[in-house]
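The values are calculated or read from the model by the stated rules, or taken from the named source; none is laboratory data. Source: prediction; values computed, not measured. Positions of Cβ are backbone-derived with ideal geometry, glycine not excepted, and every protein chain shown enters the neighbour counts.
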Amino acid sequence: MALKGNLRDFSTTQLLNLINLARKTGTLTIENAGNEEAHMSFQEGKLIYAHMGVEQDNHLAQILHNAGKLSKKQAHILETKVQGKSDKQIGHLLIQAGYVTQSDIIQSVRQNVLNVVYKMFTWAEGLFRFEANRLPSSSHITIPIDLESVIMEGSRRLKEWEILQEELPDLDISLHFTDRPDARLRNVNLTVEEWKVISLINPDNSMRKIAQANNLSDFAIRRIIYGMLQAGLVELTQQARPPKKAEPTQTTGRRKRAQTAGPSETPAARRSVVERLIHRIRGL
């Protein structure tokens, strides 16, 4: 029987901590309030695989394209021509053909797994279930990752995410350069990813469109744009700027829960729920 619960009672951080400490094997599935579904698989407490949505859609060609190892055209051709082959077989063919190296594949798959997991740290509302001993298909490439470092980085990103959401709550706003952008840009060291964002900044492109064009997550585009705003390189085109202090309706999920918690969500009640979940997951 699967362990089920609500993120309001047991956060992603707490779940990963428990899986790590109990050295559990199985798959954790989380569905957020927006009906997005993510899956994380573990072997003896180590993270080995993660994907969003349907497992079959997590194609190696798309993972390599998102990592910049294959062009969009190459990824599309590959998905079309190798239907029915496993990710391991596709990876072997790509290495033999000289398109990528084994290191390219390992790094790309690892980063894809981490991107999925870090996104789940920002989900404050949703349902979860842990199915003991359920593992991904053997056709997928799995890479063991220590959970301690994942939990530390995910917790740091969560705090940063809350700040970025308050500063840039609306990704449908476009940007424009400040005065003398060329002179300013000569004095700033930008990453390749940041240059790609810079190249698409104009009043017709919202931050959301720029993110989609560069395969960037909401977190990544907010982080890049926030840095550019602080450096004085760009400005928001719309006059309505995000407030410096979040209003009650803009409070982040975890803070909002604290404000609206009813009698059934007292600290003692929460501790009771957590203790029961710990007991159950350790017994799986």
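List of remarks:
- Every listed requirement among (1) buried (at least 18 other Cβ atoms within 10 Å of the Cβ); (2) over 16 Å from the mean Cα position of the chain (by Cα); (3) part of a helix (DSSP H, G or I) is met by Thr142 save one, (3).
- Residue in segment 80-97 that is surrounded by 15 or more Cβ atoms within 10 Å (Cβ to Cβ), outside any helix (DSSP H, G or I) and in contact with a Lys or Arg (Cβ under 8 Å, 6 or more places away or on another chain) present: no
- Considering Ala38, Ala33, the condition of being farther than 20 Å from Val150 by Cα, touching an Asp or Glu at 6+ places or on another chain (Cβ under 9 Å) and small (Gly, Ala, Ser) is satisfied by Ala33 alone.
Here is a yes/no grid of residues against (1) at pLDDT below 90; (2) assigned to a loop (DSSP other than H, G, I, E, B); (3) surrounded by fewer than 17 Cβ atoms within 10 Å (Cβ to Cβ); (4) not acidic (Asp, Glu):
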{"site": "Arg156", "(1), (2), (3), (4)": "no, no, yes, yes"}
{"site": "Ala183", "(1), (2), (3), (4)": "yes, no, yes, yes"}
{"site": "Leu190", "(1), (2), (3), (4)": "yes, yes, yes, yes"}
{"site": "Pro203", "(1), (2), (3), (4)": "yes, yes, yes, yes"}
{"site": "Ala211", "(1), (2), (3), (4)": "no, no, no, yes"}
{"site": "Ile221", "(1), (2), (3), (4)": "no, no, no, yes"}
{"site": "Gly227", "(1), (2), (3), (4)": "no, no, yes, yes"}
{"site": "Gln230", "(1), (2), (3), (4)": "yes, no, yes, yes"}
{"site": "Arg241", "(1), (2), (3), (4)": "yes, yes, yes, yes"}
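- Number of the exception - Thr25 against (1) within 20 Å of the chain's Cα centre (by Cα); (2) under 20 Å from Phe128 (Cα atoms); (3) of a type in the set (S, T, N, Q): (1)
- Close contacts from segment 11-30, counting a first residue that is outside the structural domain of Leu147 (by TED's automatic domain parsing) and surrounded by 19 or more Cβ atoms within 10 Å (Cβ to Cβ) and a second that is modelled with pLDDT of 95 or more and part of a strand (DSSP E or B), with Cβ to Cβ under 7 Å and a gap of 6+ residues or different chains, come to none at all.
- In segment 99-114, the condition of being among the charged types (D, E, K, R), assigned to a loop (DSSP other than H, G, I, E, B), assigned by TED's automatic domain parsing to the domain that holds Glu36 and in contact with a strand residue (DSSP E or B) (Cβ under 9 Å, 6 or more places away or on another chain) is met by no residue.
- Flag if Leu127 is touching a Gly at 6+ places or on another chain (Cβ under 9 Å), surrounded by fewer than 18 Cβ atoms within 10 Å (Cβ to Cβ) and part of a strand (DSSP E or B): yes
- Pairs, first within 19 Å of Glu166 (Cα to Cα) in segment 211-226, second buried (at least 21 other Cβ atoms within 10 Å of the Cβ) and small (Gly, Ala, Ser), C-beta under 6 Å, six or more apart: Ile221/Ala211
- Residue tally, condition more than 20 Å from Leu135 (Cβ to Cβ) and either of a type in the set (Val, Ile, Thr) or crowded, with 19+ Cβ neighbours inside 10 Å (or both), over segment 31-46: 1
- For segment 195-214, the set of residues classified as small (Gly, Ala, Ser) and under 15 Å from Asn66 (Cα atoms) consists of Ala211, Ala213, listed by residue number.
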